[in-house]
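Just so it is clear, none of the values below were taken in a lab; they were calculated from the coordinates. Keep in mind the model is a prediction, meaning the values are calculated, not measured. Positions of Cβ are backbone-derived with ideal geometry, glycine not excepted, and every protein chain shown enters the neighbour counts.
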Amino acid sequence: MRARTFTTAVLWAALAGSAQLLMSAPAQAQAARYELDPEHTTVAFLVDHIGYAKVLGLFRSARGSYRFDEATATLSELRIEVETASVFSNQAKRDNHLKGPDFLNSGEFPKMVFTATTAKRTGDKTFDISGQLELLGKTQPLTLQATWNKSAESPLGGPLGKPYVMGVSARGSFKRSAHGMTYAVANGWVGDEIPLIIEFEAVRK
């Protein structure tokens, strides 16, 4: 009886110790939620113009969020929304054309959305983010090559303290014709392949 009682006591002690370890697991081991800082977010693009040069444009309004676990470098729940009417190419006539039905059709499709549920790590700080781009009501695959530049407490703080910030650079490209945007593709006046340039800082919540 004594041996059985001793064995039972050891088993219960082991189970209790395991439960305590699980309960005391650090919170940072879970994926934290991040929100893009609109003041430090750039979503830009390049468009070939009749082969002479590329026009650089950007969107002045974009927001988004995602979850990221630094310990495992795991990304999830990524969603970036871009206001298509915020397009800017430094030329008012061209910007109005870009907002119209030939291109972004901002009146009918006010948002362009990129979503992804995971990312493949390709290096110490690099990732392939394979997701979906919704534009003009059509959703097509899009892969971004992203670099995790830095994560640290910001040296700039406010009344609530210094935020923890993650900085990312991402690049990718897509064919606008795949989304039904075919204006001036056939004659080669406006490029079909659109390179993307994305730079952002995101604040951990």
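Looking at the chain, identify the longest residue range that excludes and avoids all chymotrypsin sites (Phe, Trp or Tyr not before Pro) in DSSP loops having at most 13 other Cβ atoms within 10 Å.
Longest site-free region, per DSSP loop and neighbour criteria: 53-188.
For the Cα atoms of the chain, what angle does the longest principal axis make with the long axis of helix 2-23, in degrees from 0 to 90, nearest 10?
Around 20 degrees separate the two axes.
Among 88, 136, 75, flag the residue with its Cα farthest along the positive direction of the charge dipole of the chain, charges on Cβ as +1 for Lys/Arg and -1 for Asp/Glu.
Farthest towards the positive end: 75.
Report, in debye and to the nearest 20, how large the dipole of the chain comes out about its Cα centre when Lys and Arg carry +1 and Asp and Glu carry -1 on their Cβ. Working shown, then result.
Values: 23 positive and 20 negative charges, 118 e Å.
It works out to roughly 560 debye.
Rank these for me by crowding, 89, 130, going from fewest to most other beta carbons within 10 Å.
130, 89
For the chain, build the charge dipole from Cβ charges (+1 Lys, Arg; -1 Asp, Glu) around the Cα centre, then report which of 103, 145, 46 sits farthest towards its positive end.
145
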